[in-house]
Structures are given as C-alpha cells and as structure tokens.
Amino acid sequence: MAIDPVVLFFILGLTAGLMRAEMRLPSAIYEFLSVILLIAIGLKGGIELSKQPFVDLLPDIAAVLAMGFILPLLAFPILYYLGRFKKADAASIAGHYGSVSVGTYAVAASYLASLGIAYEAHMPLFLVVLEIPAIIVAIVLVRGISKQTKWGQLSHEIFLGKSIVLLIGGLAIGWIAGEESIKSISGMFFDPFKGVLALFLLEMGLIAASQVGALKRYGFFLLGFGIIFPIISSVVGIAAALFLELSIGGAVMLATLAASASYIAVPAAMRIALPESNPTLSLTASLGITFPFNIILGVPLYHQIATALY
Amino acid sequence: MAIDPVVLFFILGLTAGLMRAEMRLPSAIYEFLSVILLIAIGLKGGIELSKQPFVDLLPDIAAVLAMGFILPLLAFPILYYLGRFKKADAASIAGHYGSVSVGTYAVAASYLASLGIAYEAHMPLFLVVLEIPAIIVAIVLVRGISKQTKWGQLSHEIFLGKSIVLLIGGLAIGWIAGEESIKSISGMFFDPFKGVLALFLLEMGLIAASQVGALKRYGFFLLGFGIIFPIISSVVGIAAALFLELSIGGAVMLATLAASASYIAVPAAMRIALPESNPTLSLTASLGITFPFNIILGVPLYHQIATALY
Amino acid sequence: MAIDPVVLFFILGLTAGLMRAEMRLPSAIYEFLSVILLIAIGLKGGIELSKQPFVDLLPDIAAVLAMGFILPLLAFPILYYLGRFKKADAASIAGHYGSVSVGTYAVAASYLASLGIAYEAHMPLFLVVLEIPAIIVAIVLVRGISKQTKWGQLSHEIFLGKSIVLLIGGLAIGWIAGEESIKSISGMFFDPFKGVLALFLLEMGLIAASQVGALKRYGFFLLGFGIIFPIISSVVGIAAALFLELSIGGAVMLATLAASASYIAVPAAMRIALPESNPTLSLTASLGITFPFNIILGVPLYHQIATALY
Amino acid sequence: MKQYSMKLVTIVTESILEHHLEDDLDKLGIHGYTIVDARGKGSEGMRDDFWSNQGNIRIEIVCDEKTSDTVTEFLYKHYYSDYAMMLYVSDVSVLRGKKF
Amino acid sequence: MKQYSMKLVTIVTESILEHHLEDDLDKLGIHGYTIVDARGKGSEGMRDDFWSNQGNIRIEIVCDEKTSDTVTEFLYKHYYSDYAMMLYVSDVSVLRGKKF
Amino acid sequence: MKQYSMKLVTIVTESILEHHLEDDLDKLGIHGYTIVDARGKGSEGMRDDFWSNQGNIRIEIVCDEKTSDTVTEFLYKHYYSDYAMMLYVSDVSVLRGKKF
Ligand SMILES: Nc1ncnc2c1ncn2[C@@H]1O[C@H](COP(=O)(O)O)[C@@H](O)[C@H]1O
Ligand SMILES: Nc1ncnc2c1ncn2[C@@H]1O[C@H](COP(=O)(O)O)[C@@H](O)[C@H]1O
Ligand SMILES: Nc1ncnc2c1ncn2[C@@H]1O[C@H](COP(=O)(O)O)[C@@H](O)[C@H]1O
Ligand code: NA
Ligand code: NA
Ligand code: NA
C-alpha cells in the first residue's frame, strides 16, 4: 500500500528540521491552517449530527468522557512512581496524554479515507469531549479541590480556547446549516482539506524536530513513555469502541484519540494552573516523541490492533 | 429558508468575542482574506464590463456618485443637531456612513446568490464609486474648501488605498482578460469565495464584539443611529435603483451599499484629515452596530423593503 | 492572443507600487504563496520522475549543471571589465544571473500551458540543479578556493535553504507517492496554482516597483545589463536545449531558467559569503529590471527565439 | 520645554502571561504601558515559538520611582520563581504633556 | 574604544502616522531611526488592532541633545494633542563608528 | 529590594545575521538576550523588507560592564564595516534574582 502523502510531508518537515534547514512557516500560516482544519472537522461532524437525534449519542458521550478521566489517572502513577518525576510534572504530563491532538485525529481520518474505511461521523464530538477532562484531573492531582485554584478563570481559558470554540462552532454551523447549504463553502474547507493537512504536517515536522534537543536532556524514560503509553491508551480506546459497538473505523479513530497527546490546549492550561511544572518536559514528550510516532507508525498499528481485537 | 452559513460564521465570531474567547485570527490572515475578496469582486465586475459598452453605464455611475454625496449630507445634521456631537465627530461619522463596506456587499451578494436572484453585474463599479465622495463631504463640512487641507496628499491616500486599488485592479484585469481566460485563476478567487467570506466574517464577528465595550461608553444615540440611519439609507438606495431601472436584485445591492458603513478606508482618511475627531466613536458605530445589524438583519430587510417598493 | 492574467497581476502590482499605493501583502502571505508554488512545482516534477528511470536523466542533469557554471563566468567579465564594478560586486551580480528565479519559471510554465505547448516534465529538476553552481562560482571568483571561506557552514545554508528543500521535498514526495495518490492534495497545490501565482506576482510587482528608486542611483549600465544579459543567457539555454534534444516547450523553459536571475537564495548566500559586495546593487538588477522584463516581455521573446532556432 | 525624571521599567517574560499581567497592572493602578513581541534566551533556554505561547513579550512602563518599586516587587513575588522573566529599570525624562 | 554620549529619544504613537513621521524626520535632518510594531495602553485606551491601523509603533532615535530637543518639540507641537503619543528621552553611549 | 547596576547593550542590525550573532554571543559566554524584529533607516538607507532578509533585528543584552566592552568590540571588529549595524549602551538596574 502506498504511504499517504500527508505523512510524507510530515517526514519531510521532520527531516528538514533535523538537518537544521531554515524553513519554518510563519506562525500566522500555521494558525490559518489549523483554523481551517478545526472548522472543517467540526463542520463534518455537525452535518452528521443534523441527520441523527442528538440524544441517541448521550450514552456514547458519557462513556468517552469517562475515558478522558481514566487515561490521565493511568498515566500519573507510571510517571510519578516509575518515572520519579516531581508531582506537578507527572500530573502535567498525564494531563497532556489524557487529552487529544487534532492533528493526529486528522491524520487518522485521512488514513481511513484513503483505505475507504468508514467511521462514525459524530467522531468530532468525541474529539471535543476528550479535550478537557484530563486537564481537570491534572490540576486536582496536584492541588486537590483546593480553593487556591481559580476555577472560574481557568474554566474560561479552557472552554474558550481556540480549538474548542472552533470545533464546537463548526459542529453547530454544520448542524444548523445542514449538508446542502454547507456545500457552498466546501471550496475552502473540504476540497483543499488534505492539502491543508499536508502543509500543517510539514510545519509540525519542523516543530517536532526542534524538540529533539530537549529530548536528549530528559533521557530514556520519557522516550519509552512517549511510545509505550500511547499504545496502552489505544487499547483502552479500542475497548471503549467495542463497548460502544462502534465500527472498526470508529475503533481506529477512538484508539488514535486515546493515544494522541495534546500540544496546544493542555500546555497553555498547565502553564497557568500548574506553573511550577516544567513545560518543556511535557511538550518534548508530546510533540517530540508521541506525535511523530503516532503519525508515522501509530495509526496503522492501532488499525492492526483493532483488527485483531474485533 | 435556511440561514446562509456565512452569516452563521459571523454569529460564531460575535458570540466567541462577546464571551471573550481567545481566538483572533492573525492580522496577516485577515488581510489575505480581504485581498481575495476584493480581487474576486473586482474580477467579476470586470468580466461583465468586458461584455457591454462602458459608456452605457456613465449615467448610472453619475447617479450613484450623486448618492455618495447626498448620504453624508443627510447623516451630518442628524448627528450634529440631534446627536449633539462635536462638528468634527459628526462629520467623520457621516463620512463613514456615506461610504461603503465591502464585507457587507459580499454578504448581500452571497444572500442573493443563495436565493437565485440575479443583479446587474457591474455592481462592483458602484462599490468603487461610493467609497470616496463621503470622505470629501466630511472634510469640507469641517474645513470648508480651505487650503489648510493638503488635498494632494490626501487624495493620494484615498485613491491609492488598498481596497480601491484592488477593486479597480480586479475590474481592469477582468475586463482585459475576459471570462474565458479568468477561468484559469478561479481556483483561487471564485471556487473558495464563499468559504473565504465565511472565515472573513468569523474574524469580523470577533472584531465587532471587541467594539462593544466602547459602545457602552457612547450610549443610546449612537446605537439608534447605527440601526435607523442605514434603514433610511437603504430606502435612498432603493429609490436610486428604481430611478436607474435596476432589477430587484440590483435594488437590494444598491440598498445594501447605501446602508453599509465604512470601517477601513474612511477611518484611515479621517485620522489624517480630521485628527481632532474621535476615531473610536465612528468605528464603534460602524463596526460595533451597523455591520452586525446589516449582516444579520439588514440585508433580508432591505430585500423586503425593495420587494414592497418594486 | 490574450495576455495571461497572471502577467496582468504583475503589471497591477508594478503600477500600484510605482504610484506608491499603500498595499504590500503581509510577508507571511508572501511566504505562504511561495511555499505552495515551490511544493507544487516539485510535486509535478516528482510525479513525472516516478514514470521514467532516473538514470536516463543523468546526462541532461550534467549538461544543465555545466550551464550553471558557465553563465556566471560569462557575466563576470562583462560586469568587471565593461561595467567597472568592484570585483566582489561583479562576482555577486554574476552569481545572481547564473542562478534562477522560481517565480519566472512558474510564469513560463503558465505561458506554455495557456498556449497548450508541452515541455519535458522533469524540468523542476533543472530548476533545482541550476540554483547552486553560480553561487560557488561567485565565491571562488573573489576568494579563490581559500580556506577563509567556511564552505561547511556555507553549503549548509545553500543546500538547506527554503527553496531547495521545498523543491526537492516536493520532488521526492511526488516521486514516492505517485500520480494517483497526489490527487488527494491537488485541491491545495494544483487547482489554485495559477491563482496563487497571480497573487504572488501582484506582490512581486510591488516589490519590483520598490527597487526603482535604487535603480536611478546605479544608472544605465545596470539597466542595460539586466535586459541584454538575460537575452544572451536565453540563447545559451536554447543551445543547451538543442544539444539535449528537448522539445520546443523544453527549450523555452530552459531559456527562461537561463535568463532568470535569483532574488532569494543568492542574495542570502552573498550577504554571508561576500559581505563586502553591495546587496542593493544585485537586487536592484535582478528584481527591479530582469524580473519585470522576463515576466512581461522575456518569456514570449524566448519563445520566438526558440522557434527561430528550432 | 520642561522635562520630568521618571523610571522606565522593562519586563521580558512569557507571552502567555500577557493578559494576566495586564490585569495585574490595572489593579496596581498602572494605566500606561507598551508591549512588543520578542524572542530570546535566558536561564530557561531559548524562547522563540509563537505557535504555542512559547514566545516572549517585552513590556515597557514609564512611571514614577514608587510605582516602579511596587511593580518590580509585585512581579518578583508572583512570577519570578515559576516563569521565565527578566526585569530592569532605567532613568528617562518625559515631557510634561497630557499624559503625565 | 572611545564612546560618545548621545540621547535616545523613544516615541510610541499610532501606526497610521509612520510614513508621515518618516517625512517629518527627514525634513528635520534626522536620517537614523529604528521602528518596531507595538501595542499598548495609555490615556487613549487600549491600542492593539493592526487590521485597521489601530496599533502602535515604537520609534527610537539616537541623536545629539540639540536634535533631541528639536524633534521632541516638533512632535509635541504637531501631534500630541490629536494623536495617541508618548515620548521619553534617555542617555546612551555610542561607539565612534562610521555611523556617527 | 536590592538592585544592581548593569549595562544594557542594544544592537540594531541586519536580520540575516540573527543565527550568526547567536553563535557569537554563545562563544563570548553571553547566555541572555532579547530580540525583536525591527525596521529602520541609517547610513545604508531604508531597511524594511522581511521577505528577503532585508529587515532588521534589535538585540538587547543586559550584562556587566566588562562583557559590554567585550561584545561591543567584537561586533565592531567583525561586522561594522560590512553590515548595517548600530550599537549603543546605557545604564540599567536589575533585581537580584535567579537570573543574575
Ligand atoms: N541578560 C539578558 N539580557 C537581555 N535579555 C535577557 C537576559 N536574560 C534573559 N533575558 C530575556 O528574558 C527572558 C526570560 O529570561 P529567563 O527567565 O532567564 O529565561 C529570556 O527569554 C530573554 O528574552
Ligand atoms: N506610562 C506609559 N508607559 C509606557 N508606555 C506608555 C505609557 N503611556 C502611554 N504609553 C504608550 O503610548 C501609547 C499612546 O499613549 P496615549 O497617548 O497616552 O494613549 C499607548 O498606546 C502606549 O503604547
Ligand atoms: N541614529 C539612529 N537612531 C536609531 N536607529 C538607528 C540610527 N542609525 C541607524 N539606526 C538603525 O540601525 C540600522 C543600521 O544602521 P546603518 O548601519 O547606519 O544603516 C538602521 O537600519 C536603523 O534601524
Ligand atoms: Na490521549
Ligand atoms: Na453607506
Ligand atoms: Na539565470
């Protein structure tokens, strides 16, 4: 089977970055590309929601939400006891791995599309649902439910972060406008989607490469964790998919969501809520190890695991 | 009838902005989107111009030009005597409302397209023609035809502003190249047009929301003016359309042009020509009140008024 | 024959710039557009490479490489003896004219496409091959093969510059993924290609116009050189094409490559390797004279010359 | 024209703190400041990534000596230990204008 | 190396004035300055919108004391009342180089 | 809080030199600096084009007097004649913190 070209763009970025080529995209373009991806993913989910009653999905949402709480609780003891990280660092990393990465999601979607495998179209809803619980878990693990944490201000920053607003906004617009009417904007959001993803991954490759320096400082445990924990998470995701009776495509998507680690929403939240935790530690793991692993090897691997378990 | 998705994007931006979500697009992207919109609108008009003799349009242009001088003269006394604004402020606001907004124009075009209603294809020419007269009126109202005003320098800034140059440039290119030849660049300017407009309106919603704080400071008169004056202007626009025997679609477009208020070219010109006028006053009215009103309610309303009067 | 609209965009930018209109695109957008162009050109070449054995091309590549060494050696004596430039300046300008401009290449490709003339699809390979030799010649002309030049660091900057990496990256991805698989990203790279080129040329026109001030300072010799030397080069390019038995389309492309002058990779390299050379001198010639000449008149002229010689 | 001696406080810190610091300055009664985006190197290594709030901002505050001490101590107490932050103070003269 | 005492004039004002100020400086015989984009808060409220020239620029001019007075008074007279503008002056030393 | 007197070295130069200067500063043992993008005018004319490394950067280094002299002389020797570059030094006070 041919490699998906979007993955080749990631490998190009990674290689160029490791060779220290001078070619970062302007951050305005990075943001532009990610805005298009987020809205497009939201719109697709919203169009689907407009076709089925929302209440039917509530049990699924509850189950996925539960997974969002469980995953960081699984990661924390490994990091704290086995990895001997400081409590705040262990919690922060756990928060990153309990949450999700939209870029990884998009690659899995592209992977399944190129194989012609369908998946439950309300998957973007799960993407939204999984962003937040792990952040709460991370904070509570360090602070308890103490009043010191400004939950009001914090929940504002979490729920009104760019990715959540654009995903939910896209969902809502797709839902309200419906399939027919959204076609008029497909020239911006759907037709160039894979090309946008390709450019986005080129930049992500460059960013991931820039994390490698830090990687050397933090040693082997982080490297191992960044590869092995996602595989464990993917099995949890597949188990959830079996429980929810999702299709095999849905299982791959949920496995990927579980296996992916946040590199935008969670770092920002941790910097404010747990400033004593070391931001380069978690970012190195999530961006420098897990993201490349998932893009290049993880997604097909989760597909194989899902096929084996289904 | 379903709501046009581009309007939903505006509402998303407005809502996110009012909830103080952290999600402004980079200004480079805002500019990119507006450049595409301006060129695309110009090209469409230019293609049409290449099909009919230009001289036939001269009477129409003269009439629309006259409207551009009348509208600010209508607005000024209301602001100065009723609103009790300082002379410079009243003139500056009048200048904003006598001129036009390209974003509003694009929404009206999208509205008519989704209803399948045609309009005179040389409308972009009117858009260009209406940009400037109100600026001149505003300056003359305050300064007279005094020599103090550096008309040379000023006319350079007005006529060579980005929006005029791109609109006229687009018109000229469309005219010279013709329909067939322009097709080769439709993948950039026409196919994604509505999607570009959607993203542009998302950002405009965020910008409009950021004006609401200032709105509170300036009170109810401005709020009323920002809604009622556009409705009055729209009737002037429809009257002009009747006089010029435009189609009903043309009437809606001209009404929208009349009702729209500038938020780019005129603020810049006023800042230099009438620096003693308060820039937040006029921008709050034009961006914080009139733009949202026109996008969400105004355009359909002007359609109804036009239908009633035709 | 109708003028290609992309050329009209260049003329629009040039005119607006000469009239000192305030409308430069944000540099982030300029970079975005050039990234798309570079990748698209690379991809197209790569797809073609996947269809024919690479070794067959080696003789062609060697011949084109030779041309890359000859052209600056032809330019240098003209600039040094006839133009009486300082040695470093003469060498630097020669380096610019021995190398190539991707924007000019894209315009020639668009020109041939609109005439329906085919050309050898591995042309992007020649584009890559021609970027570098002239830089080496320029440095050696001034420094000799002295150890003072940090060749290691320098070759890093040259070979890992943005344009080389994106072109080669595009080539590699197109080659590996193949035609069928690349179709999924054509909505970003191929469908809007000419529109992207149009916007890019609009900005290039504005940039070229900003060089005109400097032009006056440097007088007529540079003006003459910037027009006549490209014509000479184009004949060298056509001769090479005849020698390589390329199609007439291939001859026009190779002539254009020979005639075009670098304005990105070479200026950057010269600033580091030959800092005593005056950067505005070579940039004025390459951007302010040769680029506009090639876009507007050069490409059709080279087509005529090629037709005459074939 | 008469000139007055004031202090110029310059702060370089993580861009993610921008809105938080704005709120803080407001509460400290400081209503004038200028911000530019910056990148740089310090004890926390290179900071130059804007895509994920990993860049810096550079804040300038012109104020009297007392306010300079207040803001300096406030920032030292609340942010110095957990965030990348550098701070220095210098002497400037300002015109008597509408602003001071 | 020998160092010379000079003045550093720093101006923060509306970005829309950039080209006008460049012309002014030219006329005042000032041929060296550095500009960066900035945002900020002052008596005219928050200024941080670049999409419509609602942002600031920060201009630095290294010059002798006399020029510093000239430019300061010029700006005060022509722009202070109608535009958002802040201005301060400090002491710097420069190397004797080709530039001074 | 106790404050220490330091030097602030400000350099305005061609943006293309950024990584080269970073390497130089590293070698000179300077591990703290702040960079912003800038444009400006000087003896080499207007410099404001970022699309082709034709813009400027503005580098600030807070350091002791000796380091200030070292870096100043180094830059003067290696870059002043061939590159657009301006450099000035001023006095600042810094807090005793983890950084100094
Ligand atoms: N000595 C210095 N001179 C100038 N800027 C500095 C210096 N040290 C630190 N900085 C700036 O302050 C930021 C935070 O410093 P730090 O907390 O030491 O990492 C750095 O990213 C630099 O931008
Ligand atoms: N005290 C201050 N310290 C630093 N910057 C200031 C101060 N006051 C004003 N500014 C800057 O100068 C600009 C114009 O000031 P103003 O005219 O007071 O609105 C503001 O937007 C700020 O960027
Ligand atoms: N007198 C000055 N005041 C402030 N900045 C200056 C001055 N002279 C030069 N510069 C800055 O330093 C850069 C390089 O200067 P130069 O080498 O003189 O071209 C210019 O582009 C300006 O940004
Ligand atoms: Na996860
Ligand atoms: Na109007
Ligand atoms: Na050439």
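Throughout, read-outs are computed from the coordinates displayed, never taken from laboratory work. On a predicted model such as this, the values are computed, not experimentally measured, just so you know. So basically every Cβ, Gly included, is an ideal-geometry build from the backbone, and we count neighbours across all protein chains shown.
Side notes on the structure shown:
- Here the Karplus curve 6.51 cos²θ - 1.76 cosθ + 1.60, taken at θ = phi - 60°, turns the phi angles of the stretch A:11-27 into couplings of 5, 4, x, 4, 4, 4, x, 5, 7, 6, 5, 8, 8, 4, 5, x, 5 Hz, with x standing for Gly and Pro.
- Note on the stretch C:4-46: percent of Cα-Cα distances in each 10 Å bin, starting at 0 and stopping at the bin with the largest distance, equals 24, 39, 30, 8, 0.
- Taking label points 7 Å from Cα along the Cα-to-Cβ direction, C:L57 and B:L58 give a separation of 5.8 nm.
- In the stretch B:1-109, taking the dipole from charged Cβ atoms about the Cα centre, the farthest positive-side position among B:L74, B:Y105, B:Y30 is held by B:L74.
- Derived scalar couplings between HN and Hα for the stretch C:274-291 equal 10, x, 6, 7, 7, x, 5, 4, 6, 5, 4, 5, 6, 8, x, 10, 5, 4 Hz in order, rounded to whole Hz, by the Karplus curve 6.51 cos²θ - 1.76 cosθ + 1.60 (θ = phi - 60°), x for Gly and Pro.
- Euclidean distance between Cα centres, the stretch A:62-86 to the stretch B:1-78, Å: 51
- For the stretch B:148-190 versus the stretch B:268-309, the inter-centroid distance based on Cα atoms is 23 Å.
- Taken about its Cα centre, the stretch E:8-100 carries a charge dipole of about 320 debye when Lys and Arg each add +1 at the Cβ and Asp and Glu each add -1 at the Cβ.
- Under 14 Å from a label point set 7 Å out along the Cα-to-Cβ vector of C:F221, the amide N atoms of the stretch C:60-104 belong to C:76-94.
- Each residue of the stretch B:256-262 is assigned a 3J(HN,Hα), and the resulting list reads 5, 4, 4, 6, 7, 10, 5 Hz, derived from the Karplus form 6.51 cos²θ - 1.76 cosθ + 1.60 (θ = phi - 60°), x at Gly and Pro.
- Sorted largest first, extent of the stretch C:56-159 alpha carbons per principal axis (Å): 48, 32, 23
- Cα-Cα pairs of the protein assembly as shown separated by more than 55 Å (percent): 19
- Alpha carbon centroid spacing (whole Å) that separates the stretch F:40-93 from the stretch A:229-243: 55
- Charge tally for C:P77 (other residues, Cβ to Cβ under 13 Å; Lys, Arg +1; Asp, Glu -1): +2.
- Counted charge near A:L246, where neighbours are those whose Cβ lies closer than 9 Å (Asp, Glu -1; Lys, Arg +1): -3
- Taking chain F as a Gaussian network of alpha-carbon nodes connected by springs under 10 Å, the highest mean-square fluctuation of the residues F:T72, F:T13, F:T34 belongs to F:T34.
- Rounded if a/c under 1.5, otherwise prolate or oblate - chain E, Cα gyration tensor axes: prolate
- Positive-pole candidate from B:A121, B:F85, B:V64, dipole of the stretch B:1-153, charges at beta carbon: B:F85
- Label-to-label distance, nm, for residues given as B:M19 and E:H20 (7 Å Cα→Cβ offset): 4.1
- For the stretch B:246-292, convex hull volume per residue from C-alpha positions, Å³: 73
- Across chain B, the mean sequence separation of Cα contacts (distance under 8 Å, 6 or more residues apart), normalised by length, yields a relative contact order of 33 percent.
- Net charge, C:R271 excluded, C-beta distance under 11 Å - Lys, Arg +1, Asp, Glu -1: -4
- Stokes-Einstein diffusion for the stretch A:161-220 at 25 °C, viscosity 0.890 mPa s, with a Kirkwood radius from C-alpha pairs, works out to 169 µm²/s.
- Rounded to the nearest 20 debye, dipole of chain B from Cβ charges on Lys, Arg, Asp, Glu: 1060
- Computed from Cα atoms, the angle from the helix D:18-27 axis to the main principal axis of chain D rounds to 30 degrees.
- Förster-model FRET efficiency, 41 Å R0, C:L297 and F:D64, C-beta, rounded to 0.05: 0.10
- Prolate/oblate/rounded label for chain A (Cα gyration tensor, a/c 1.5): rounded
- Charge dipole (debye, nearest 20) of the protein assembly as shown; +1 at Cβ of Lys and Arg, -1 at Cβ of Asp and Glu: 2160
- Computed from the Cβ-Cβ distance with R0 of 45 Å, the FRET efficiency linking F:Y76 to B:K150 stands at 0.55.
- Remark: relative contact order (the stretch A:196-310) = 37 percent; criterion is Cα-Cα distance under 8 angstrom and separation of 6 or more residues.
- Rounded to two decimals, the Cα radius of gyration of the stretch B:1-118 over 2.2 N^0.38 Å is 1.39.
- Spacing of the two label points (7 Å from each Cα toward its C-beta) at C:F69 and A:K87, in nm: 6.9
- All alpha carbon pair distances within the stretch C:195-310 were sorted into 5 Å bins beginning at 0; the resulting P(r) in whole percents reads 2, 12, 19, 19, 19, 14, 9, 4, 1.
- When the protein assembly as shown is described by a simple charge dipole with +1 on each Lys and Arg Cβ and -1 on each Asp and Glu Cβ, the residue from B:V137, E:S81, C:L8 located farthest towards its positive end is E:S81.
- Values of log10 I(q)/I(0) for the stretch B:60-107 across q = 0.18, 0.19, 0.25 Å⁻¹ run -0.59, -0.64, -0.86, by the Debye formula with one identical scatterer at each alpha carbon and no solvent.
- Under-5 Å amide H pairs with E:A38, H placed in peptide plane, nonlocal only: E:N56, E:I57, E:R58
- Here the relative contact order of the stretch A:57-169, from alpha carbon pairs under 8 Å that lie six or more residues apart, stands at 34 percent.
- GNM flexibility winner over chain A from A:V64, A:V35, A:V55 (Cα, springs under 10 Å): A:V55
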